[in-house]
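Below you'll find the structure, written out as structure tokens, and then a few comments.
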Amino acid sequence: MDPKLIADLHKFYPEMVITGTLLLVVVADIALPVLRRSLTFALTVLGLAAAFALTLPLMAVQPGSMFYGMIALDPMAVFFKAFLVLASLLVVLAAPGSKEFSRSNLGEFYALLLGVTLGMMLLASSTDLLMFFLSLEMVSLGSYIMVGYLRNDRQSNEASLKYILFGAVSTGAMLYGITLLFGVTGTTKMVVIRHVLAGAAASGENSLILLVSTVLILAGLGFKIAAVPFHFWCPDVYTGAPTPVTAFLSVAPKAAGFAIFMRFFFTGLSQAGPQLTWSTFASINWMPIVMVLSIVTMTFGNIAALRQENMKRLMAYSSIAHAGYILMGVVVLTSEGLQAVLVYLVTYLFMNLGAFMIVIEIYNRTGSFELKDYRGFYRRSPFLSISMSIFLLSLMGIPPLAGFFGKFYVFAAAVNRDLAWFAVIGAINSVVAVYYYVRVMKTMMIDGSDDMSPVRVSWDSKALIWVMLIPTIGLMLFWDQVQKITSGSVGLFLGN
Amino acid sequence: MNANLVSQGIFYFFAALTLGSAAVVVFSRSLIYSIFGLLFTFFGVAALYVFLGADFLAATQMVIYVGGILVLLLFGVMLTHKLYDLDLKTETFQVIPALLLVAAVFGTLILAMTRTTWFSGAVRQPEPTTAEIGKLFMREYILPFEVASVFLLIALIGAAMIVRKGAE
Amino acid sequence: MIGLTHYLVISAALFSLGIMCVLTRKNAVSVLMGIELILNSANLNLVAFSKYTAGNLDGQLFAVFTIIVAAAEAAVALAIVLSMYRLLRSVNLDRADTLKG
């Protein structure tokens, strides 16, 4: 057996643990019907925790490619592996607490979630077009099923139908674009693609086919991160899916989508320049295209959110807008921009999941996601209302909460690249967004309501919400660590 | 020279079969006609694979697409309509705007393709591919190969779970 | 002489027909058929490029994996459609309207 392969396997422990846990959960679900609920839950939590622990030592490993150039192991890949496993772990901890799942057997849910996590980890490290496509489909397919998990609920079913039909078309178009790129470069390895394009770059030939190919690939990537105009599935899917699934979708696959977005465009379609900046090729200048995508996404997301009365729908448009801000960090083509993306994603993980956890809790007590049923919640549960306000303030980007840092980094990266006008558009959008976030806060804290019954929050839900709150409030205290980790993750990402 | 003409003729026959059947899939009002159109499309594509020297792939196409996916689609159609209603007319959305858009897409693709200088590697001579594909699965493509098996596992679990009857 | 361009034209036509099918059909199973057309067109591209430009079997391997993905996707999609039929007694996409927008 090839010794390089064995060496690669030693660096593959997190993924192997996830796969092993997946298999154990499937077996446990069938074999032990009595203990099912707690056993599958425990197995999943332990497996994810173990995988997380195993990703940390990978930071010190020499960057290189694995499995014959299919995936890469560099600090950025390790960052995303840890991030994605953590996100999955938090969702698994929150899932049984939702009343939507009270009558469901969650064994298959955990299995699907583990499969999606494996797919996301591979997606974030992919350096080959085949691996990119395969892992993207793995993440998407698992997500389609998870959205439709409540078999007897009409909204859940409709959401999963819309999701799969839209998703399959987007990824099909993306595949077609990938084949065109394959034809032009003769290879599926992103590094080799860059070399071929660099060779032909001076002449600027083949620009039309490369443009077509890039637009088609953007269809698939845009679908995954819910950027306009590939976002149509997002509000319906977020609203119809069980809320823990919505929470998961809004952070994890989105982050994995950004990871491969960066990897594909930086490794395949750009070349590294001086001082950690990148430049695009003459034949395929994708920067303006993605810039337009970013602007349209954040603007549309914010404006559409203004009129929403359903919390899940509002959060869907909010997360579309946030995708627009994150894209800003990608467009500027500097390592500063990449670092900004990582910082933003970390802050986004905690504040978004936190907000969703509160939405779950409120649903558990009131059975509703409508804003009008959030009125006067301050009297009923000060804890939930104040926590929600903190998460919303962070989403708005108010200092000194975590969300501010994410936005600050992204805008600063744009300004430092002489794109101040771009940052200004982002800032204006943030101001517009304040309206709908404040509206929710006002509804909960100030509006009166007839129902004044106090709402008790169970201690485990409270603990989980605190886990989200602490980073949201206290991120500035750990600022040095976050800085170091994220800039270290970017430094060696010269596109393996 | 005669053999060349014959093989060109056969190629055009299969190309026409593929595209004609695809047109039936898209434009036919009866669902059953669409399904059978899809059958012939798959068959035509498999024939084109043979022309391209991809023998293993052609066999795989027939077995999985026709033998698996098409049968699945047929079951899907049969199970989602009342049995006696096999006439199954389907309505359509606004056809004209869609037609214009699709024509634009097709035009752009053709324009782009004709203007391109494709990568000039060697042209592969036709020879049996199965053994080579098998070796590649175990070497350069081992990771996607293993990942695909986990992928199929979750697809299996998920599909079975959604369709299963009974209370949650 | 049959060359690369012939195959590319066929695949572009298949792709366009697939998009047409997805855009204009109201029956969920019909949309699935359009998706299969799109995936087949991409596969045809891959195999054609594999022979004429790359000169090796990379494209064919990719095509095998695409077939795998297409099969899994079709299975899951049909499962969801069957589930819809059980709830609504119809697979007409017009009936999927409880989530406005």
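The values are calculated or read from the model by the stated rules, or taken from the named source; none is laboratory data. Not measured: the values here are computed from a predicted model. Methodologically, a virtual Cβ is constructed for each residue, glycine included, from the backbone with ideal geometry; neighbour enumeration extends over all protein chains shown.
Remarks
- Look at the range B:56-72: where a residue is touching a residue at least 60 places away in the same chain (Cβ under 8 Å) and a partner is surrounded by 16 or more Cβ atoms within 10 Å (Cβ to Cβ) and aromatic (F, W, Y), sitting 6+ places away or on another chain with Cβ atoms under 8 Å, you get B:L57/B:Y49.
- Some residue of the range A:340-352 being in contact (Cβ under 8 Å) with a residue 40 or more places away in the chain and within 21 Å of A:D373 (Cα to Cα): yes
- Taking the conditions (1) over 30 Å from A:Q155 (Cβ atoms); (2) in contact with a Leu (Cβ under 6 Å, 6 or more places away or on another chain); (3) not hydroxyl-bearing (S, T, Y) in turn, C:A77 satisfies each one other than (1).
- Within the set A:L23, A:L54, A:L93, the sole residue that is modelled with pLDDT of 90 or more and within 14 Å of chain B (Cβ to nearest Cβ) turns out to be A:L23.
- Exactly one residue among A:I164, A:I145 is at pLDDT 95 or above, under 30 Å from C:Y85 (Cβ atoms), hydrophobic (A, V, I, L, M, F, W, C) and touching an Asp or Glu at 6+ places or on another chain (Cβ under 8 Å), and that residue is A:I164.
- Some residue of the range C:4-16 being of a type in the set (A, V, I, L, M), closer than 30 Å to A:I145 by Cβ and in a helix (DSSP H, G or I): yes
- Per this entry, C:M33 is counted among residues that are at the interface with chain B (Cβ under 7 Å from one of its Cβ atoms) and under 9 Å from the mean Cα position of the chain (by Cα).
- Test result for C:I67, crowded, with 24+ Cβ neighbours inside 10 Å and under 20 Å from the mean Cα position of the chain (by Cα): no
- Which numbered condition B:Y33 fails, given (1) part of a helix (DSSP H, G or I); (2) of a type outside the set (A, V, I, L, M); (3) touching a Lys or Arg at 6+ places or on another chain (Cβ under 7 Å): (3)
- Restricting attention to the range C:52-101, the residues that are assigned to a loop (DSSP other than H, G, I, E, B) and either more than 7 Å from every other protein chain (Cβ to nearest Cβ) or not hydroxyl-bearing (S, T, Y) (or both) add up to 11.
- Among the candidates A:S126, A:S143, A:S135, residue that is touching a Lys or Arg at 6+ places or on another chain (Cβ under 9 Å), more than 27 Å from C:V9 (Cα to Cα) and buried (at least 24 other Cβ atoms within 10 Å of the Cβ): A:S126
- Selection count where residues are under 11 Å from A:F391 (Cβ atoms) and hydrophobic (A, V, I, L, M, F, W, C), scope the range A:340-371: 8
- Within the range B:9-38, residues that are in the same structural domain as B:I96 (by TED's automatic domain parsing) sit with their Cβ atoms under 7 Å from residues that are at pLDDT below 95 and charged (D, E, K, R), at 6+ positions apart or across chains, in these pairs: B:R29/B:K89; B:S30/B:D87; B:S30/B:K89.
Quick grid of which residues meet (1) crowded, with 21+ Cβ neighbours inside 10 Å; (2) modelled with pLDDT under 85; (3) under 23 Å from A:A316 (Cα atoms):
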{"position": "A:S394", "(1), (2), (3)": "yes, no, yes"}
{"position": "A:F408", "(1), (2), (3)": "no, no, yes"}
{"position": "A:V415", "(1), (2), (3)": "no, no, no"}
{"position": "A:R439", "(1), (2), (3)": "no, no, yes"}
{"position": "A:K442", "(1), (2), (3)": "no, no, yes"}
{"position": "A:D450", "(1), (2), (3)": "no, yes, no"}
{"position": "A:P471", "(1), (2), (3)": "no, no, yes"}
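- Listed by position, the helices (runs of 4 or more DSSP H) enclosed by the range B:64-168 that each have at least 2 residues that are at pLDDT 90 or above and under 29 Å from B:V25 (Cβ atoms) are B:71-79, B:95-114, B:142-163.
- Flag for A:D29 being over 20 Å from A:G115 (Cα atoms), of a type in the set (D, E, K, R) and either in contact (Cβ under 8 Å) with a residue 12 or more places away in the chain or crowded, with 18+ Cβ neighbours inside 10 Å (or both): no
- Candidate set: the range A:169-228, residues that are in contact with a strand residue (DSSP E or B) (Cβ under 6 Å, 6 or more places away or on another chain) and not charged (D, E, K, R); chosen: the one nearest to the other protein chains (Cβ to nearest Cβ): A:T188
- Residue that is surrounded by the most Cβ atoms within 10 Å (Cβ to Cβ) [pool: residues in the range B:22-40 that are under 29 Å from C:L61 (Cβ atoms) and within 7 Å of chain C (Cβ to nearest Cβ)]: B:A22
- In this structure, C:F49 does not qualify as at pLDDT 95 or above, more than 7 Å from chain B (Cβ to nearest Cβ) and crowded, with 24+ Cβ neighbours inside 10 Å.
- Selected residue (criterion: nearest to A:W479 (Cα to Cα)) from residues of the range A:350-392 that are in a loop (DSSP other than H, G, I, E, B) and at pLDDT below 90: A:S381
- Qualifying positions in the range A:106-144 - at the interface with chain B (Cβ under 7 Å from one of its Cβ atoms) and within 15 Å of A:V25 (Cβ to Cβ): A:E108, A:A111, A:L112, A:G115, A:L118, A:G142
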